[in-house]
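Remarks on the structure that follows.
We did not get these values from a lab; they are worked out from the coordinates using the rules stated. Here the structure is a predicted model, which is why all the values come from computation and not from measurement. As a convention, Cβ positions derive from the backbone with ideal geometry for all residues, glycine included, and neighbour counts pool all protein chains shown.
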Amino acid sequence: MALQPKKGGTIHSKTGDAKNALKDRYDAGDHTVLENYPAEAALLYQMQQMSEDIDELRRYLTAEVGNGAQGPAGAKGDTGDAGADGSNGSNGSTGARGAAGPAGGVYGNIIKILPTEFMGNDDVSYERTVIEDDVRGKLGVRVASSSQEIFASTTIPEGKKVTGYAVYSSSSVSTYLNGIVLSTGVSSEIGNGNSGAVINLKTAYNSAETNYVAIKVMTTSTGQVIYGAVIIIADI
């Protein structure tokens, strides 16, 4: 909005000494006698308010616009082009699947089978599998009847396959690895061999929602101690 035309008129036209004489009267405070008269006092108050408004306008113009000596502000420069978008961040690494198997027994590419996980079958009238600790510094499991075989079962982690197994014992025994259907108990032999070494399967056995594996150990003497076993696994 443009500046509007001036409305006020000239109060006096004195110059020089005559104008200075008016200033002397002001400096001497001659006008303050008007404070004794209500109407004149009201005018003095309003004139002071107007003076303060003018002082504020002068302050604002000096601070925000300038003191009059500087030239007009230059035109605002063009805004530079927007910077290119940053590259997408890399995807976070996928967390490893949780370990499966007895007691979280997955370690690298094996599932550890502990001696306490072996159980005897029903070839005798009652279960006769016992922990053997008679030899100082050693622990294992053995049967109390040579007529028994012992079994240890374990799950297979999701996304893994069984490629081999091994049983560790005090003397050589025959071993078998069976794949079991969880929902029906149907068993199929997938590997066999003697204890003491890794037995590699001819065909890998993949993990599924309803399967697991079971090791069968054919003990022939109550003196044979089984120390444990491992299932070898790999990614499908």
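Provide the FRET efficiency to the nearest 0.05 for the residue 33-residue 63 pair, computing r from the beta carbons and using R0 = 30 Å.
On the way: r = 37 Å, r/R0 = 1.24.
Once rounded, the FRET efficiency stands at 0.20.
Could you compute the FRET efficiency for residue 15 and residue 54, with r as their C-beta to C-beta distance and R0 at 30 Å, rounded to 0.05?
Values: r = 22 Å, r/R0 = 0.72.
For residue 15 and residue 54, the calculated efficiency is 0.90.
Can you give the direction-averaged projected area of the convex hull of the alpha-carbon atoms in segment 102-235, in nm²? It would help to have the intermediate numbers written out before the result.
Details: hull surface 32.7 nm².
Dividing the Cα hull surface by four gives the mean projection, 8.2 nm².
Over all distinct alpha-carbon pairs, what is the Kirkwood Rh of segment 19-63 in angstrom? Present the calculation step by step, with values, prior to reporting the outcome.
Working: mean 1/r = 0.0826 Å⁻¹.
For segment 19-63, the Kirkwood estimate is 12.1 Å.
Would you report the distance distribution of C-alpha pairs in segment 118-157 as whole percents per 5 angstrom bin, up to the bin with the largest distance?
6, 24, 24, 18, 14, 10, 4, 0
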